[in-house]
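Following: one structure in structure tokens, then a few remarks.
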Amino acid sequence: MKVPFVSIGKQYEFLRKEFTEAFDEIGMSGQYIMGDNLDNFEKEIANYCETEYALGVANGSDALFLALKAMGIGEGDEVITCPNSFIASAWVIESTKAKSVFVDCLEDYNMDFNKLEKAITDKTKAIIPVHLTGRPAPMDEINAIAKKYNLFVLEDSAQAIGARYKGRRVGGLGDAAGFSLHPLKNLGVIGDGGVFTTNNKDLYETVKKLRNHGLKNRDECELWGFNSRLDSLQAKLASIKLKHLDSWNNRFREIANMYRDGLSDLVHTPKDLSHEEPVYHNFVIRVDQNIRDNLMSFLLQKGVETKIHYPIPIHLQECAKNLNYSNGDFPLSEKYALEMISLPIYPELSNQEVEIVIKSVKEFF
């Protein structure tokens, strides 16, 4: 039996009847952009994330970018984030003409708040903690430092929809947050999509205009804006999926527990903290860098597909040369990038398939 890293088609098969009915309904309505389906989804997702406001946008990156624009961040400013995330966590900063500043990660891959204050200058305007792999960042400590220096906190929640930190959902733990609805996310659509959340009415009103060309209404434009709207069809599909998200996230946690129980004596596995409820968008193990490639090749021979999230830290990417970082600047991020392997994890993965992954790793060792 082969165990693919992802299997999106299985989820589509489960929801196919509802999806095709939704397509026909929206196709006949002629309302393809904005409208009731988007309004309804925004209310549902705000309620789910326990925030006052939510807006559907074109993708998760735009959710972060528009939030930064609404915060007034631009040329000459600095924004602190993590170097071990996907490139979008930093390009959204660079695209505002602000400068990306990085701090290293903790053992759970989230931002090391102990190093945060040293990175703050008089140009710093915001912090973007990333809830990496679906585990919440240490928000109390980050928020306390942000309050001390009067900084915005923008959660990169792309991988963590539904996760809880001390009983509260991510997305409402800072000034604003951005979620991705990319097909591979725990809540994904058939294409690109994103969500912006906040409890700040001013930020909400500004992003609402920015995502739609800066328009106040059909004829009046108050801001130079952008075109970043979640289509009606994608909003409807997201609404259908949202009903299943908690049960899917529970399945992510079940699989994570199976991996942990089966492999923790052989490889490094993530351990839940007492105050968190992760959603394990990725389940990342770590092994000695000298055997990682061999292990991945062995697993592939056994039919088990794995990935690396992410093999090149952002500060070492070609595009980041202008930031003047070098190898050695963020030791843990760089070390973990050489040791990490992401195992298959998604709700449709069967117990039998999980056992095949575990058995194959054991066989290698």
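All of the numbers you see were taken from the coordinates with simple rules; none came from a lab. These numbers were taken from a predicted model, which means no experiment stands behind them. Every residue, glycine among them, receives a Cβ derived from its backbone with ideal geometry; neighbour counts consider all protein chains shown.
Here are some notes:
- P(r) weight above 18 Å for the stretch 144-208, C-alpha pairs, percent: 42
- Leading residue at positive end of dipole, the stretch 245-364 (Cβ point charges), from Tyr310, Leu273, Asn294: Asn294
- Taking other residues whose beta carbon is less than 11 angstrom from the beta carbon of Thr198, and scoring Lys, Arg as +1 and Asp, Glu as -1, yields -3.
- For Lys2, the aspartates and glutamates whose Cα comes closer than 17 Å to its Cα, not counting residues fewer than 8 places off in the same chain, are Glu305, Glu348, Glu353, Glu355, Glu363.
- Each principal axis of the Cα atoms in the stretch 245-364 has its own extent, and those three values, largest first, are 47, 34, 24 angstrom.
- Inter-probe distance in nm under a simple model that places probes 7 Å from Cα toward Cβ, at Met1 and Asp288: 3.2
- Plainly put, the chain has a radius of gyration that is 0.97 times its Kirkwood radius, both from alpha-carbon atoms, as the Rg/Rh ratio.
- Counting neighbouring beta carbons within 10 Å and listing from fewest to most, the residues His281, His315, His275 come out as His275, His315, His281.
- Summed side-chain charge close to Ser350 - residues other than Ser350 whose Cβ falls under 13 Å, Lys, Arg +1, Asp, Glu -1: -1
- Under 15 Å, Cβ to Cβ, from Lys208 - net charge with Lys/Arg +1 and Asp/Glu -1: 0
- Of Lys166/Lys271; Lys148/Lys185; Lys241/Lys362, pairs whose Cα-Cα distance is over 28 Å: Lys148/Lys185; Lys241/Lys362
- Cβ-Cβ distance of Leu15 and Ser297, R₀ of 25 Å, FRET efficiency by 1/(1 + (r/R0)^6): the value works out to about 0.10.
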